[in-house]
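Okay, structure first, notes after.
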Amino acid sequence: MEKKKVAIPLVCHGHSRPVVDLFYSPVTPDGYFLISASKDTNPMLRNGETGDWIGTFQGHKGAVWSCCLDRNALRAASASADFSAKVWDALTGDELHSFEHKHIVRACAFSEDTHLLLTGGMEKTLRVYDMNRPDAAPRELDKSPGSVRTVAWLHSDQTILSSCTDMGGVRLWDVRTGKIVQTLETKASVTSAEVSQDGRFITTADGSSVKFWDANHFGLVKSYDMPCNVESASLEPKSGSKFVAGGEDLWVHVFDFFTGEEITCNKGHHGPVHCVRFAPGGESYASGSEDGTIRIWQLSPPNADDSEAANGKATAGVNEVTTKIEGFHIPKEGQTEG
């Protein structure tokens, strides 16, 4: 019987609690970057290709539920259970702004033009902050029907997408009027919603289903039943021929977009998988888990002969600081910024 080749991921340690959100920047002149949100209160920035740790954003006093980078990877944002969303300098690690809310903030997203920050959470209110006038009061959209779980921008920042923790469906908001213009119906609560790199598809995970929607006409394109409840799904950004999903069975599954057939099943996490995201070039994807680790998997595992992983070099530890960004300010232990 032919021995099946096992994918050996880059394992990124550093978080002391579950990893609940991952976000890749687009490719920048300095490469691309990966930011992670964790219940340990400290979002972390990494080299997206190698997984090498660059720095930790310190200042939150509660679990961080969501994180993102602007398209140039110059600023980061995070949404936290400490009733705040913070914006950080991604080059130095310094806190630039802290936006206070009245309840837990679950989601945040920079607009495509980088001038706006969108937040949502337990208050059931979507807020849009102007990064050029951070001291000004945010714009508030109409009340969300439920507690906000995910947010995203699409249509060149003319439309906002949101999902709720306590009900199914994805709501699409007209930014100009601040009102809901369309609802994509799902049975279960949508725990992950991703707009594809080319703007054509919205990928959602709800319960044990992964769905792909036409991002312009809002029709359902594909719907696949998963082997278990999945919390997150991501579409390969270049060809769009594969997607990954992760959830409560601890495994990271790769599927064929056109047929729904499973191509690969990656085992390695020791807890449920909370988030999966493809790198911007589609050559690898990352998973974050209840076990506190991030694992970066190659889409097609290289031959064991030429793979560093075969030599046991597949762990990116917190001490391997990348040189791509210099001068990242790390506060001393026990010291909080802001």
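The values are calculated or read from the model by the stated rules, or taken from the named source; none is laboratory data. Just so it is clear, the model here is predicted, and its values are computed rather than measured. Glycine also receives a Cβ, built like all others from the backbone with ideal geometry; neighbour counts cover every protein chain displayed. To get the accessible areas, we keep the full protein, side chains included, count just its heavy atoms, and leave off ligands, DNA and RNA. Shrake-Rupley method; radii C 1.70, N 1.55, O 1.52, S 1.80 Å.
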Taking the stretch 99-130 as the search range and keeping residues that are touching a Phe, Trp or Tyr at 6+ places or on another chain (Cβ under 8 Å) and assigned to a loop (DSSP other than H, G, I, E, B), which one is most open to solvent (accessible area, probe 1.4 Å)? K102
I need the full set of residues from the stretch 48-69 which are surrounded by fewer than 24 Cβ atoms within 10 Å (Cβ to Cβ) and within 22 Å of S162 (Cα to Cα), in order please. A63, W65
Is it fair to say S223 is open to solvent by less than 10 Å² (accessible area, probe 1.4 Å) and under 29 Å from K124 (Cβ atoms)? no
For F110, indicate whether it is touching a Cys at 6+ places or on another chain (Cβ under 8 Å) and under 24 Å from S162 (Cβ atoms). yes
With the condition being within 17 Å of the chain's Cα centre (by Cα) and acidic (D, E), I'd like the strands (runs of 3 or more DSSP E) fully within the stretch 1-57 carrying at least 1 qualifying residues. 19-24
Of the residues in the stretch 162-180 that are under 21 Å from E112 (Cβ atoms) and under 21 Å from the mean Cα position of the chain (by Cα), the one that is most open to solvent (accessible area, probe 1.4 Å) is R171
Selection from the stretch 64-98 of residues that are in a loop (DSSP other than H, G, I, E, B) and farther than 25 Å from N47 by Cβ: A81, D82, F83
Pairs with Cβ under 8 Å, 6+ apart, first in the stretch 225-246 and closer than 20 Å to D21 by Cα and acidic (D, E), second modelled with pLDDT under 95 and open to solvent by 10 Å² or more (accessible area, probe 1.4 Å): E236/L299
Hey, G169 assigned to a strand (DSSP E or B) and of a type in the set (G, A, S) or not: yes
Among the residues of the stretch 118-137, is any under 18 Å from the mean Cα position of the chain (by Cα) and among the acidic types (D, E)? no
Looking for whichever is closer than 30 Å to W297 by Cβ and either open to solvent by 40 Å² or more (accessible area, probe 1.4 Å) or of a type in the set (A, V, I, L, M) (or both) here; the options are A137, A77. Which one fits? A77
Leading residue by the ranking (surrounded by the fewest Cβ atoms within 10 Å (Cβ to Cβ)) among those in the stretch 140-161 that are small (G, A, S) and farther than 13 Å from M122 by Cβ: S156
Tell me, which strands (runs of 3 or more DSSP E) wholly within the stretch 229-299 include 1 or more residues that are open to solvent by 30 Å² or more (accessible area, probe 1.4 Å) and touching a Ser or Thr at 6+ places or on another chain (Cβ under 6 Å)? 230-235, 273-278, 294-298
Can you run down the residue pairs with Cβ atoms below 6 Å, 6 or more apart or on separate chains, where the first is in the stretch 187-209 and over 16 Å from R277 (Cβ atoms) and in a strand (DSSP E or B) and the partner is open to solvent by 10 Å² or more (accessible area, probe 1.4 Å) and aliphatic (A, V, I, L, M)? D206/A188
